[in-house]
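The values are calculated or read from the model by the stated rules, or taken from the named source; none is laboratory data. Remember, predicted model here, so these are calculated numbers, not experimental data. Don't worry about glycine lacking a Cβ; one is built from the backbone with ideal geometry, like all the others, and counts go over all protein chains shown. Remember, those area values only see protein heavy atoms, side chains included, never the ligands or the DNA or RNA. Shrake-Rupley method; radii C 1.70, N 1.55, O 1.52, S 1.80 Å.
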Amino acid sequence: MIAIRMHWNPAEAALEKTLLDNYEVPCALLYENANLYGRAPLAMPIRLVVRDDQADWAMCILNGDFEAAAKLEQIPAEMSPEGSESSLPGLPQARPWELLVIAFYFFLPAICFLRTDYPTKFSYNRAVRAEIAAVTVAHFLGWLAIAFALLLLALFRRISRSSASVQNPSDQSH
């Protein structure tokens with residue numbers, strides 16, 4: 001993968017990606033939403049990346065030199081993409097690491113919720129009962145979050161195994 005353009009404006013990057021998509025050039029935008037996470041819109045440029053063997057073709061299309069792009073398209077037959085955008089090397093679609101991050105962000109508060117103690121007061125007036133109910137709800141939400149985190153971990157394991165079996169079909173013994 002090679003970055004052929006860098007943009008500070010997400011709209012310009014999306015327009016160029018759409019143009020390449022219209023010409024069936026597999027491409028991707030890297031760091032497209034990076035400004036949303038750090039609250040710094042100019043911290044990291046958005047990169048438009050294509051496969052190494054299609055970089056010249058993509059640059060001709062983006063520069064408006066359609067005659068040169070047509071010549072480059074006709075030269076080698078293997079230059080046309082065999083798969084779709086999901087088959088691009090270098091993109092994190094084979095192992096969804098985001099599922100692990102989301103599972104962690106559910107698991108950590110769940111542990112904190114479960115560590116909440118019941119009140120130790122001996123009188124059971126209305127305030128103590130409300131506090132006991134709040135702790136019970138917090139424990140329930142904690143267990144619910146742990147169950148969801150475990151579900152995400154199981155989903156990650158299943159997806160990573162299925163992507164490994166798709167990548168190596170000869171290794172299957174079943």
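Things to note:
- Heavy-atom accessible area ranking, 1.4 Å probe, most first, across Ser123, Ser160: Ser123, Ser160
- Net length available on complete extension from Asn33 to Arg161 is 43.3 nm, with 0.36 nm assigned per residue and the Cα-Cα distance removed.
- Distance (nanometres) between label positions extended 7 Å along Cα→Cβ at Thr18 and Asn125: 6.4 nm
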